[in-house]
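Structure, as structure tokens:
We did not get these values from a lab; they are worked out from the coordinates using the rules stated. Quantities reported herein were computed from a predicted structural model and do not represent experimental measurements. We place every Cβ from the backbone using ideal geometry, glycine too, and count neighbours over all the protein chains shown.
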Amino acid sequence: MAKVKITPSKTKIGWIGTGVMGSSMCMHLVKKGYKLTIYNRTKRKAKALLDAGAEWAKSPREVAGQSDVVFTIVGFPKDVREVYFGKDGIFEGSDKGKILVDMTTTEPSLAEEIYKEAKKAGASSVDAPVSGGDIGAQSGALSIMVGGDKDTVASVMPLFKLMGKNIVHQGGAGKGQHAKMCNQIMVTGLMIGMCETLLYGYKAGLDLNTMLSSISKGAAACWMLDNLAPRMLKRDFRPGFYVEHYIKDLGIALEEAKRMNLSLPGLALVNQLYVATQAEGYGRKGTQALLLALEALSGVKRRK
């Protein structure tokens, strides 16, 4: 497929999934003057976008039928499959020339399946999962990991640049999802290290803000210390990314590792700790709620 020129005056955009991250990502396109048609299972979650000028559709099929480029960012692989392949799904309203962009973190094999089905319809697809949470989505500073054909990726790059600052083409279909798994594997180590650091500092009687002012400027410096640790000190466990969605991601990474005959014991351990976090009733909290489960393991009783 040759590169397609995308402009606010001519290109009609479809957006499916207006959750914690999707609503902010979509809003960047609305503010740049793109004509948006949107769909979400819960219409009230799209209110801000509708108030800003986006138009509502009754189904993914209707979104696809009215759009040149369709973005999706939903919850789980089963949701992705339903949105694309289900009754009233995208492929029932997709035809030649359309570009489909799935920004959900999902299975690499599913991204490849969507790519093949799009080709059959004369359309193109790109897998483009993101990292940066609600903060990155709101500020338009996400890291976007992209898989798909070079020309298609080049076509949608102007749209990606409204949502992210670090946009890297990883290779063919599914490679964006594989890169996201690498991101999630890395984040598991950072998250458990941050939680255990805060627990240790608390039990040692340190002022946690003072302690963080030291370690966040040395070898331990990272995005999570800068953005999530302050929330945790305030006992703010609202979701920038849900625990239950993170468990989904870790499960995908473990399955892919098994398929490649890889042993990743650190990933397996943190996955089990997150399952425990969900079992404690924190599945709809942010990923920083891992701290709550670790506190319970150590008998540390603090305000939830």
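Quick look at the numbers
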| item | result |
| --- | --- |
| Label point 7 Å beyond Cα of residue 263 along Cβ direction - residues of the stretch 163-193 with amide nitrogen under 15 Å | none |
| Relative exposure of 16, 167, judged by other C-beta atoms within 10 Å (fewest first) | 167, 16 |
| Computed magnitude of the charge dipole of the stretch 12-173 (debye, nearest 20; Cβ of K, R +1, Cβ of D, E -1) | 460 |
| Tally of Lys pairs whose C-alpha atoms are under 19 Å apart, taken over the stretch 179-297, 8 or more apart or cross-chain | 6 |
| Span from the the stretch 48-69 Cα centroid across to the the stretch 225-251 one, whole angstrom | 30 |
| Acute angle (nearest 10 degrees) that the helix 265-277 long axis makes with the longest principal axis of the chain, alpha-carbon atoms | 90 |
| Antiparallel DSSP beta bridges within the chain, as percent of all bridges there, nearest 5 | 15 |
| The chain: relative contact order in percent, alpha carbon pairs under 8 Å with at least 6 residues between | 14 |
| From the coordinates shown, mean projected area of the Cα convex hull in nm² corresponds to which of (1) 16.1; (2) 21.4; (3) 18.9 | (1) |
| Neighbour-count ranking [beta-carbon atoms within 10 angstrom, fewest first] of 196, 295 | 196, 295 |
| 26 Å Cα-Cα threshold exceeded, pairs from 5/78; 87/120; 12/150 | 5/78 |
| Order of 88, 102 - criterion: other Cβ atoms within 10 Å of each residue's Cβ, fewest first | 88, 102 |
